[in-house]
Amino acid sequence: DTGVSQNPRHKITKRGQNVTFRCDPISEHNRLYWYRQTLGQGPEFLTYFQNEAQLEKSRLLSDRFSAERPKGSFSTLEIQRTEQGDSAMYLCASSFGTAYNEQFFGPGTRLTVL
Amino acid sequence: SQKIEQNSEALNIQEGKTATLTCNYTNYSPAYLQWYRQDPGRGPVFLLLIRENEKEKRKERLKVTFDTTLKQSLFHITASQPADSATYLCALDGENAGNMLTFGGGTRLMVKP
């Protein structure tokens, strides 16, 4: 399967703990996006990479969130000192070429903060 | 700030009928609009993209219209099938050269046999 993959698929953690998620995009895709989705809502943009450069970050993104894409391939999203409000589905998407191309989404990582 | 509205109530239709979903937006003039399908527990899947200078686009049983005067897009599924049951999301390009997508809340479609 050459689609976007995300690990883990599910994560349950206690409030205050740190968590890290991984996204492996489609190999030739230069653009990588992170979104967050809560029940009944559409995905909400978090951040965007073009190759290894993080070019955009949502104003809504807390400083507890950090993302990296060190070699322009896979990406990680870390949440420090998790809060119950962080519980959501975290989606990764990738695309190739211009900004007007379709985005390919992974299956997501569902985070539950107790 | 830009706002995207999709009917949050589920749309229930009979198999074989045409489903029409609406996406309205305010405070923005997008260069393009995309429609995605999302099944429970899975990531969205791209369906169609329509640009601001296109009024209509078709792909098999799908048709999308884009009215920049009304600030509205309509998404049609003709000859609907139970397998079309899913949540459908519209998304607009962001304020900075389209590097981000802003999604509506989605409309759940239920096609009954």
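The values are calculated or read from the model by the stated rules, or taken from the named source; none is laboratory data. Note that this is a predicted model, so its numbers are computed, not measured. All Cβ positions, even for glycine, are placed from backbone atoms using ideal geometry, and neighbour counts span all protein chains on display.
Going by the conditions given, is B:Thr102 hydroxyl-bearing (Ser, Thr, Tyr), within 8 Å of chain A (Cβ to nearest Cβ) and in contact (Cβ under 8 Å) with a residue 12 or more places away in the chain?
Details: hydroxyl-bearing (Ser, Thr, Tyr): yes; within 8 Å of chain A (Cβ to nearest Cβ): yes; in contact (Cβ under 8 Å) with a residue 12 or more places away in the chain: yes.
So B:Thr102 fits the description; yes.
Report, by residue number, each residue of the stretch A:99-111 that is out of contact with any Ser or Thr (no Cβ under 8 Å at 6 or more places or on another chain), at pLDDT 95 or above and either farther than 14 Å from A:Arg9 by Cα or more than 7 Å from chain B (Cβ to nearest Cβ) (or both).
Within the stretch A:99-111, A:Thr109, A:Arg110 meet the criteria.
Tally the residues that are touching a strand residue (DSSP E or B) at 6+ places or on another chain (Cβ under 7 Å) and closer than 16 Å to A:Gln37 by Cα, restricting the search to the stretch A:58-77.
Counting residues in the stretch A:58-77 that are touching a strand residue (DSSP E or B) at 6+ places or on another chain (Cβ under 7 Å) and closer than 16 Å to A:Gln37 by Cα gives 4.
Report every pair of residues separated by at least 6 positions or lying on different chains whose Cβ atoms are under 8 Å apart, first residue within the stretch A:26-44 and at positive phi, second assigned to a loop (DSSP other than H, G, I, E, B) and surrounded by fewer than 20 Cβ atoms within 10 Å (Cβ to Cβ).
Close Cβ pairs satisfying both conditions: A:Gly40/B:Ser8; A:Gly40/B:Gly105.
Do the conditions hold for A:Tyr35, that is, is it of a type in the set (Ser, Thr, Tyr), within 9 Å of chain B (Cβ to nearest Cβ) and buried (at least 19 other Cβ atoms within 10 Å of the Cβ)? Explain how you work it out, then say what you get.
Working: of a type in the set (Ser, Thr, Tyr): yes; within 9 Å of chain B (Cβ to nearest Cβ): yes; buried (at least 19 other Cβ atoms within 10 Å of the Cβ): yes.
Taking the combined requirement at face value, the residue satisfies it.
If the requirement is being away from chain A (no Cβ under 14 Å), among the β-branched types (Val, Ile, Thr) and in a loop (DSSP other than H, G, I, E, B), which of these qualifies: B:Thr69, B:Thr65?
B:Thr69
Criterion first (touching a residue at least 60 places away in the same chain (Cβ under 8 Å) and either out of contact with any strand residue (DSSP E or B) (no Cβ under 6 Å at 6 or more places or on another chain) or more than 14 Å from chain B (Cβ to nearest Cβ) (or both)) does A:Leu114 satisfy it?
yes
Residue-wise test of (1) over 14 Å from A:Asp86 (Cα atoms); (2) of a type in the set (Asp, Glu); (3) at pLDDT 95 or above.
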site: A:Gly3; (1), (2), (3): yes, no, no
site: A:Arg9; (1), (2), (3): yes, no, yes
site: A:Thr13; (1), (2), (3): no, no, yes
site: A:Val19; (1), (2), (3): no, no, yes
site: A:Glu28; (1), (2), (3): yes, yes, no
site: A:Thr38; (1), (2), (3): no, no, yes
site: A:Glu56; (1), (2), (3): yes, yes, no
site: A:Ser62; (1), (2), (3): no, no, no
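On the basis of being away from chain B (no Cβ under 14 Å), assigned to a loop (DSSP other than H, G, I, E, B), surrounded by 17 or more Cβ atoms within 10 Å (Cβ to Cβ) and at negative phi, does A:Thr82 make the cut?
Yes, satisfied.
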